[in-house]
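The values are calculated or read from the model by the stated rules, or taken from the named source; none is laboratory data. Since this is a predicted model, take the numbers as computed values, not measurements. Quick reminder, even Gly has a Cβ in these numbers, built from the backbone with ideal geometry, and neighbours come from all protein chains shown. Remember, those area values only see protein heavy atoms, side chains included, never the ligands or the DNA or RNA. Shrake-Rupley method; radii C 1.70, N 1.55, O 1.52, S 1.80 Å.
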Amino acid sequence: LRVRTGYVYSVSSGFDWDRTRAAYLISYGADPATAEAARTLALRELKDMQTVPVSDAELLRAKVQILRRLALGRSSVGSIAGQYLRQVSLGLPLEPLPIASKRYLEITAADIQAAFAQWLRPDSLTMVTQGPPAP
């Protein structure tokens, strides 16, 4: 959205989940004239994630980013406690960093593709727009 097309100034995405529901969020800043094109491309990318495995380079970059967050997320007693509370609230085991890291490293492109295919419904996403309308 940003690098290849220049449709947006910034873009991010992420998951948030609890025991009963989950949300996938794509957030971007765009000029009103390119906002709809950015939305269309973002939806196409999500659909591609369901049908085409991510490249080895993309998968490696994502794994490195997650492993970095794991380590930095344990930089204070408060953040460690917060992570443990979240794991308990989700009914997940309290895994030490080496075990969690190993699990992330074992994820394959096929695993990512299968998860997107099973859990995301790109045609059912809600769009919230803030700012002036397109010209």
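Helix 109-119 and the long axis of the chain differ in direction by around 70°, with both axes built from C-alpha atoms. Relative to the longest principal axis of the Cα atoms of the chain, the long axis of helix 97-106 makes an angle of roughly 50 degrees. Subtracting the Cα-Cα distance of residue 56 and residue 127 from 0.36 nm times their residue separation leaves 22.5 nm of extension gain.
Note on residue 47 and residue 101: their simple-model spin labels are 4.0 nm apart, each label 7 Å out from Cα toward Cβ.
Here the stretch 14-135 exposes an accessible surface that is 61 percent carbon and sulfur, computed with a 1.4 Å probe and the other protein chains kept in place. Legend: translational diffusion of the stretch 15-97 by Stokes-Einstein, Rh = Kirkwood radius over C-alpha pairs, 10 °C, 1.306 mPa s; D = 99 µm²/s.
On a per residue basis, the chain carries 74 Å² of accessible surface, using protein heavy atoms and a 1.4 Å probe.
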